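The values are calculated or read from the model by the stated rules, or taken from the named source; none is laboratory data. From a predicted model like this one, the values you see are computed outputs, not experimental measurements. We place every Cβ from the backbone using ideal geometry, glycine too, and count neighbours over all the protein chains shown.
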């Protein structure tokens, strides 16, 4: 661990609450379409549309809103009423205006590590939305660099490492997604810490277990101090 220079944090569901807001919005969307299909069937269809649209819209609320509208049109065979579309758009706008609620101990950890390592945010999502959330969080001043990525694959992390002018072994990524925050970083030779969150988007889950000398899993973000302050 002595060679570590940069600690990167995922944002959504690592620094602050995010996925529960999406699930709450999804539940309300499914209720709007209960005349067409049962709740679980609408949710399944929406997920398929979201995944299909990732390459077009990327991640974030705006893509989610467009996918809800597309799902409603498909399930209704284009007979959905305009007032329902208006309600879907309102759901998306409400989601964009949700309060930023920091997760427990996040700010304590950032205060403790600040000045000891370069701290970075490395997160996926819509640029304007993520910038807004970071600004409203009050955490921006802790970070040396903010990287809002369209994807979190090996090439995306490689680009970040090049920008930071560091080797993979000098980099550690902390996040709640094994698929986005852990596996690509380990593949590059970096360090990764999984901080599970009680709600994770189905598209971010993996079936396999990870065993790697550079991998750790903790139950809370504060546990990272036990090996980062040695």
So residue 27, is it touching a residue at least 12 places away in the same chain (Cβ under 8 Å) and out of contact with any helix residue (DSSP H, G or I) (no Cβ under 6 Å at 6 or more places or on another chain): yes
Odd one out for residue 69, checked against (1) without any contact (Cβ under 8 Å) to a residue 24 or more places away in the chain; (2) part of a helix (DSSP H, G or I); (3) more than 29 Å from residue 150 (Cβ to Cβ): (3)
Test: residue in the stretch 98-109 that is within 17 Å of the chain's Cα centre (by Cα) and under 29 Å from residue 37 (Cα atoms): yes
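Identify all residues within the stretch 48-65 that are within 22 Å of residue 98 (Cα to Cα), part of a helix (DSSP H, G or I) and touching a helix residue (DSSP H, G or I) at 6+ places or on another chain (Cβ under 6 Å); write none if there are none.
Residues satisfying the conditions are 50, 57, 61, 63, 65.
Each row is one residue, and each column tells you yes or no for (1) more than 30 Å from residue 193 (Cα to Cα); (2) at pLDDT 95 or above; (3) surrounded by fewer than 20 Cβ atoms within 10 Å (Cβ to Cβ); (4) under 12 Å from the mean Cα position of the chain (by Cα).
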site: 3; (1), (2), (3), (4): no, no, yes, no
site: 9; (1), (2), (3), (4): no, yes, no, yes
site: 13; (1), (2), (3), (4): no, no, no, yes
site: 19; (1), (2), (3), (4): no, no, yes, yes
site: 30; (1), (2), (3), (4): yes, yes, no, no
site: 38; (1), (2), (3), (4): yes, no, yes, no
